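Presented below is the structure to which this report refers.
Any read-out appearing in this document is the output of simple, stated calculations on the displayed coordinates, not a laboratory observation. Only a predicted model underlies this, so the values are computations on that prediction, with no experimental measurement involved. Cβ atoms come from the backbone with ideal geometry, glycine included; neighbour counts cover every protein chain shown.
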Amino acid sequence: MGTFLCQMEVFMSKVNVVLGTFFGDEGKGKIIDYLSTNADVSIRCSGGNNAGHTIMVDGKKFAFHLIPSGILNSNTKAIIGNGVVIDPKVLIEEINTLQNAGFSTDNLFISNKAHIIMPYHIVLDRLLEENRGANKIGTTARGIGPAYCDKFERSGIRIEDFVTPKFCDIARINIENKNRIFASFGYKPLDADAIISEYEEYAKFLAPFVKDTINIIHKSLEENKNVLCEGAQATLLDIDFGTYPFVTSSNPTIGGVCTGTGVGAKDIGEVYGVLKAYSSKVGEGPFLTEQDNEIGDTIRELGHEYGTTTKRPRRCGWLDLVALKYSCRINGLTGLAINHLDTIGKLDKIKLCVNYIHNGKVSMDFSTNPTYISNCKPVYEEFEGNFGDLSNIKKREDLPKNAQIYLNRIEDVVKVPIKFIGTGPDRNNMIIC
C-alpha cells in the first residue's frame with residue numbers, strides 16, 4: 001500500500017502558477033497564453049473585473065477581465081475559481097464577445113462557490129470612494145471590495161445560490177439592507193424588483209457553466225493533466241502583503257492560489273513571476289522609482305501604458321529590484337517572465353534600482369510600511385540602451401550585448417532565473433529560456 005501511495009505521488013501533476021510581481025499590468029496574459037497552449041486546465045483564482053489581461057492573436061486584441069486566457073484554446077478547460085467575484089453582466093459580455101469572434105465557450109466552467117457582484121456593490125464602492133475625499137484609494141468602482149466584504153460578512157451571494165430560486169429571497173434582503181446604507185449617503189434606493197428580474201435572466205444564461213470546479217481540478221491532477229493557474233493584479237496590490245491601503249481586496253499572491261481554487265500547497269509546481277523591464281502603476285499609493293517627469297512620460301508612450309480595465313494613464317518609472325526581491329520571497333518564485341524589453345531598449349540610457357538608502361544605510365529590505373518607504377531613496381545603476389529590433393530573436397544569447405547585461409544584472413540581484421523574455425506585443429514575440 002505504501003509503495004502505491006509513493007508512486008501515485010510521483011506521477012500526479014502539479015499546478016503551475018503565473019503571478020504579477022508589482023502593481024499589475026505586467027503582461028501576465030502573454031505568458032499565460034503561451035503556457036496555456038499546452039495546458040489541459042487554465043484557472044483564474046482571484047479578483048474580479050477590476051483586472052484585465054490583454055492578448056494579441058494574429059493582430060487581433062482580446063481583453064479578458066474574468067475569463068481565463070486559456071479559453072482561446074478549445075482543448076483547455078477554462079475555470080473561474082471560487083476566489084473570483086463575478087459581475088454576471090460583464091461575464092456574459094465576455095462570453096458573447098468570444099462567441100462572436102468564432103471561439104467556443106463550451107470549455108468554460110464557473111465555480112459554484114464563487115460570489116457574484118450585485119448593483120448595490122458598485123454603488124457602494126463609488127459612494128465610499130467619493131467619501132474618502134483626499135484619502136481616496138483609486139478603486140475602479142466596479143464593486144469588487146464591497147462584494148468581498150459581503151463574502152466575509154457572510155451575506156454574499158454564491159453562484160450556487162444565484163442559479164437557484166433562493167436567489168430572489170437573498171437578493172431582496174440584501175437590497176433592502178443596502179438601501180438603508182444608501183439613505184445615509186442621501187442616495188436614492190435601488191429597485192429590488194427590477195434588479196432581481198434582470199439578474200434572474202443572467203442566472204439562466206450562466207447556469208449551464210456552473211460546476212464543482214474543485215473536483216474537476218483535482219481529478220485533472222490525478223490524471224496527470226497540465227494545470228495552469230493565473231493570478232489577477234499583483235503582489236504589491238495584495239490585501240495583506242501590498243502597499244496597504246492602496247491595494248486590491250483579495251490575495252493575488254501565492255496564498256490566493258490555494259484559497260481561490262481549492263488546491264493544496266503540495267499541488268503547486270512552478271511559480272512564474274511576471275514583470276516589465278520597467279515599473280508601472282495605476283492608482284494612488286507609494287511608488288519609489290516613479291519618474292514623474294519626461295522619462296516617465298516617454299516610457300508611458302513607448303509602452304502604451306494605459307489601463308486595460310480603466311484606460312487610466314499609468315505612472316511609470318525604473319525597475320525596482322528591491323521590491324522584486326520581496327515578491328520573489330513572498331511567492332516563492334521559481335522563474336521570472338520579463339516583458340517590454342523592447343520598450344525599455346528604445347531609451348539611450350536605462351536605470352535599475354539595486355538598493356535602497358534607508359536612514360543613511362544601504363538596504364535590500366523592502367517594506368510596505370509607508371513611514372519606511374518615505375525614509376528610503378532608490379540607489380540606481382545605469383545601463384546602455386538602444387537594443388534595436390528584438391521582435392524576431394528567439395534565443396537569449398542572440399540578444400544585443402546591452403540587453404544581456406541588463407538581464408544578467410536583474411538575475412544577479414534577485415537570484416531567480418529569467419525563463420521568459422517579451423520582445424514585442426504579439427504572442428510570438430517571446431524568448432523561451
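Peptides 143-153, 127-137 ordered by packing proxy, namely the average of other Cβ atoms within 10 Å per residue, highest first: 143-153, 127-137. Entry note, region 332-413: relative contact order of 32 percent, from Cα contacts under 8 Å with a spacing of 6+ residues.
Under 1.5 on a/c is rounded, so check that first for region 11-51, then, if it is not, pick prolate when a/b is larger than b/c and oblate when it is not; a ≥ b ≥ c are the square roots of the alpha carbon gyration tensor eigenvalues. Spell out each step's value before the answer.
Numbers: a/c = 2.03, a/b = 1.76, b/c = 1.16.
In terms of gyration-tensor shape, prolate.
Quick one: order Lys281, Lys61 by neighbouring beta-carbon count within 10 Å, fewest to most. Don't skip to the answer; put the middle values down first.
Values: Lys281 25, Lys61 10.
Listing Lys281, Lys61 from fewest to most nearby Cβ atoms yields Lys61, Lys281.
Rounded to the nearest 10 degrees, the angle from helix 321-331 to the longest Cα principal axis of the chain is 40 degrees. For the chain, the mean residue ellipticity at 222 nm estimated from helices alone is -10500 deg cm²/dmol, where every DSSP H run of n ≥ 4 contributes -39500 (n - 2.57) and the total is divided by all residues, rounded to the nearest 500.
I want the antiparallel fraction of DSSP beta bridges within the chain, as a percent rounded to 5. The partial results should precede the final answer.
Numbers: 26 of 61 bridges.
Bridges in the chain are about 45 percent antiparallel.
The mean sequence distance of close C-alpha pairs (under 8 Å, at least 6 residues apart), as a share of the length of the chain, puts its relative contact order at 19 percent. If you count Lys pairs in region 115-209 whose Cα atoms are under 22 Å apart, skipping same-chain pairs closer than 8 places in sequence, the total is 6. Relative contact order, whole percent, for region 115-209 stands at 26, derived from Cα pairs under 8 Å and 6 or more residues apart. Where the alpha-carbon atoms of region 305-433 are placed on the principal axes, they occupy 45, 35, 32 Å, in descending order.
By the beta-carbon count within 10 Å of each Cβ, the least crowded to most crowded order of Thr54, Thr248, fewest first, is Thr54, Thr248. Each of Phe23, Phe246 was scored by other Cβ atoms within 10 Å of its Cβ. Listed from fewest to most, they are Phe246, Phe23. Once you treat every alpha carbon in region 142-192 as an equal point and sum by Debye, what is log10 I(q)/I(0) at q = 0.12, 0.13, 0.31 Å⁻¹? For region 142-192, the Cα-only Debye profile gives -0.28, -0.33, -1.21. Rounded to whole Å, the principal axis extents of the Cα atoms in the chain read 64, 60, 46, largest first.
Calculated on C-alpha atoms, the gyration radius of region 198-262 divided by its Kirkwood radius gives an Rg/Rh of 1.11.
Max-minus-min Cα coordinates of region 115-209 on each principal axis give 44, 24, 21 Å, with the largest extent listed first.
A simple charge model with +1 on the Cβ of Lys and Arg, -1 on the Cβ of Asp and Glu and nothing else charged puts the dipole of region 115-209 at about 340 debye relative to its Cα centre. The alpha carbon centroids of region 349-369 and region 199-229 are separated by 43 Å.
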